[in-house]
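J.: Pasting in a structure now, in structure tokens, and then I'll have a few things to ask.
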Amino acid sequence: MVSTNSWTLELESRVSAPRKFRATVMDWHTLAPKLAPHIVDSAHHVEGDGGIGSVRHYNCSSAMPFNVMKKKVEYLDVDNCECKYTLECDGVETSTWHIKIRPTTNGGSVAKVECTSKGTEGKDMMLKAKESATEMFKTVEAYLIANPDAYN
């Protein structure tokens, strides 16, 4: 029997919404192997130019419960820092993600991440997905604070 689980995460950041979106969403395939090599060994575009319909391929490290992850962009609004995509892990569609990063009055941002997962290993995968999302956003924030000219 297939179960469906979901979670929502909101993360505040000192980094502006556009910078955070460009680094975390638009260029994560480039940054992940550098900033999170314990999760992603390598990544590249499979098809498209990064816009709607584009697919990115990630080779995952042995720390992950799967070897290959593909991310397909279903919706993208760069100006409003919002996207939706589906993830496939080892050839099985596992989840859909909706990310919206909005500016805050202090010049920072708040990222809202909603994830819906399908599968028999729902609870374990959902916990790992939420932990990975949190780590990804915090890692990118630290990188952007340390590199204030990046993604301007």
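J.: Using the Karplus curve 6.51 cos²θ - 1.76 cosθ + 1.60 with θ = phi - 60°, what ³J(HN,Hα) values do you get for each residue of segment 71-78, in whole Hz, with x for Gly and Pro?
T.: Coupling constants for segment 71-78: 10, 10, 6, 9, 8, 8, 10, 5 Hz.
J.: At a Förster radius of 30 Å, what calculated FRET efficiency corresponds to the Cβ-Cβ distance of Glu93 and Ala146, to the nearest 0.05? All intermediate terms of the calculation are to be shown ahead of the outcome.
T.: Details: r = 36 Å, r/R0 = 1.18.
Calculated value: 0.25.
J.: Also, I was wondering about something else. Figure the gain on full extension for Ser62 and Asp77 (residue separation times 0.36 nm, minus the Cα-Cα span) and round it to one decimal in nm.
T.: Details: separation 15, 0.36 × 15 = 5.40 nm, distance 3.32 nm.
This chain segment gains 2.1 nm when fully extended.
J.: If one takes the longest principal axis of the Cα atoms in the chain, at what angle in degrees, from 0 to 90 and to the nearest 10, does the Cα axis of helix 122-146 lie?
T.: Compared with the principal axis, the helix lies near 20 degrees.
J.: Now for a separate question. Please give the calculated 222 nm ellipticity per residue for the chain, where each DSSP H segment of at least 4 residues contributes -39500 (n - 2.57) and the sum is spread over every residue; nearest 500 deg cm²/dmol? The partial results should precede the final answer.
T.: Numbers: 3 runs with 38 residues, N = 152.
Estimated from H runs of four or more residues: -8000 deg cm²/dmol.
J.: Order 85-98, 17-30 from most to least packed using the mean count of other Cβ atoms within 10 Å. Could the numbers behind the result be given before it?
T.: Numbers: 85-98: 16.7, 17-30: 20.5.
Highest-to-lowest ranking by the protection proxy: 17-30, 85-98.
J.: Now a separate question. On the protein heavy atoms, probe 1.4 angstrom, tell me the percent of accessible surface of the chain carried by carbon and sulfur. Could the numbers behind the result be given before it?
T.: Numbers: 4070 of 8050 Å².
About 51 percent, which is the carbon plus sulfur part of the accessible surface.
J.: What's the extension gain from Ser132 to Val55 if we count 0.36 nm per residue and subtract their Cα-Cα distance?
T.: Values: separation 77, 0.36 × 77 = 27.72 nm, distance 1.97 nm.
The span from Ser132 to Val55 would gain 25.8 nm if fully extended.
J.: Further, regarding this structure: Sequence neighbours fewer than 8 away in the same chain don't count; with that in mind, list the lysines whose C-alpha is under 22 Å from Lys100.
T.: Answer for Lys100, where 22 Å is the Cα cut-off: Lys20, Lys70, Lys71, Lys72, Lys84, Lys112, Lys118, Lys128, Lys130, Lys138, listed by chain and number.
J.: Mind checking the full-extension length gain between Ser6 and Thr86? Use 0.36 nm per residue of separation minus the Cα-Cα distance, one decimal, nm. Working shown, then result.
T.: On the way: separation 80, 0.36 × 80 = 28.80 nm, distance 1.36 nm.
Value of the extension gain: 27.4 nm.
J.: Which value, in Å², gives the accessible area per residue of segment 7-111 when a 1.4 Å probe is used on the protein heavy atoms? Walk me through the numbers on the way to the answer.
T.: Numbers: 5090 Å² over 105 residues.
That works out to 48 Å² per residue.
The values are calculated or read from the model by the stated rules, or taken from the named source; none is laboratory data. Treat the numbers as computed from the prediction; the structure is a model and nothing was measured. No Cβ is skipped: glycine too gets one built from the backbone with ideal geometry, and neighbour counts run over all protein chains shown. The area values use the complete protein model at the heavy-atom level, side chains included, leaving out ligands, DNA and RNA. Shrake-Rupley method; radii C 1.70, N 1.55, O 1.52, S 1.80 Å.
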